[in-house]
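See structure below.
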Amino acid sequence: MSIIEKALAKQQQKNTQNTGTSDQTSGQQQVKNNIADVAPKTALTLDKKSLSERGYLIDNGTRHSIKDEFRQIKRKLLNNAFGNAAKTLHHSNLIMVSSAKPNEGKTFVAINLALSIALEQDKTVLLIDADVLRPSVVRELGVQENPGIIDYLLGDSEQVSDIIYDTDIDKLKLIPAGKPHHLSNELLASEKMATFANELANRYPDRIVIFDCPPLIGATETLVLANLMGQALIVVEESKTTIADIQAATEHLNENLALGLVLNKAIRSHKDLYGYYGYGYGTKD
Ligand SMILES: Nc1ncnc2c1ncn2[C@@H]1O[C@H](COP(=O)(O)OP(=O)(O)OP(=O)(O)O)[C@@H](O)[C@H]1O
Ligand SMILES: [Mg+2]
């Protein structure tokens, strides 16, 4: 039963209890008003000041370096998604952000990438919190909790559109993780998730979809999820992630995936050590 259906049932029960009769017309009117309360689809307001203070790419004229770094990363991803390479990729517009282990900066990179793509004139970006066991996108953005991907996979939210939220950044849309569930990682590896990814790729082919995913080592579901994506961005924490970690994280990935590495938390002068996307963000400038 969807949230709206539940609200309807609850309201109908309340009306009958209150009046003892069924005044259909006024009852229905009241139900309509309550649906608006239960499922507000007003745009979510990001806490931009706090985001900017924590190093996120908010377009307020400052932090040019981080903007440039993400511009480089995003160009490559957009080319893969919509350029010539797109023909060779399955679901080229679906991009997962993951890492070998926890806490290497996946959410930081996923959000910044989404913000950077939202700055493009003609691109819409959908950011999905797919790290369903340790969701943090909603908290990082400073927006309110809402039903999300888990509610959809459980069947509690019926339409994909029920769980896609507009934000006050014009081209940025969000799907939160939704309510915690003990089988949430298993749900990510479900058949319904595969159908969902297919629908996102086909219904919104001109939209970049970024999945903030769980780490790869120790979570087989992340590998299953990777099979639904056209591109993967693996975050590597400088001085912490070992080559062995990177190998273990990437060796079982589908070989057709366009794979990029992002060097995170790097001291700026080291940033060119990694030739790939070479993203570095230092605290020393
Ligand atoms: N480049 C960076 N500059 C400054 N702070 C960063 C950077 N990257 C990550 N952080 C901070 O490091 C912490 C961990 O980052 P984040 O939450 O993005 O990692 P994660 O890989 O998503 O972690 P988890 O595995 O728990 O989901 C956060 O407090 C984040 O704000
Ligand atoms: Mg995270």
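Coordinate-derived values only; no laboratory data. Source: prediction; values computed, not measured. Cβ placement follows ideal geometry from the backbone for every residue including glycine, while neighbour counts extend to all protein chains displayed.
By the count of neighbouring beta-carbon atoms within 10 Å, fewest first, S157, S190 end up ordered S190, S157. Calculated over segment 70-192, the projected area of the Cα convex hull averaged across directions stands at 8.4 nm². Converting phi to 3J(HN,Hα) with the Karplus coefficients 6.51, -1.76 and 1.60 and the offset θ = phi - 60°, segment 42-52 yields 6, 4, 6, 9, 7, 7, 5, 5, 5, 4, 4 Hz in sequence order, with x at every glycine or proline. Please go through the residue pairs K67/K101; K87/K173; K74/K123; K67/K265; K41/K171; K106/K179 and name each one whose alpha carbons sit more than 19 Å apart in this structure. Beyond 19 Å: K67/K101; K87/K173; K106/K179. With only Cα atoms counted, segment 120-176 has Rg and Dmax values of 11.6, 35 Å. Per residue, the average separation of C-alpha pairs within less than 8 Å and at least 6 apart gives segment 42-273 a relative contact order of 29 percent. The translational diffusion coefficient of segment 132-249, from Stokes-Einstein at 25 °C and 0.890 mPa s with a Kirkwood hydrodynamic radius over alpha carbon pairs, comes to 158 µm²/s. Size descriptor for segment 194-251, Kirkwood hydrodynamic radius: 13.0 Å (Cα pairs only, one decimal).
Taking Cβ atoms as reference points and 15 Å as the exclusive limit, the residues near N84 contribute a net charge of +3, counting Lys and Arg as +1 and Asp and Glu as -1.
Pairwise Cα distances in segment 42-273 exceed 32 Å for 12 percent of all pairs. Applying both filters, DSSP loop and at most 16 other Cβ atoms within 10 Å, to the GluC sites (Glu not before Pro) of segment 165-271 gives E251, E255.
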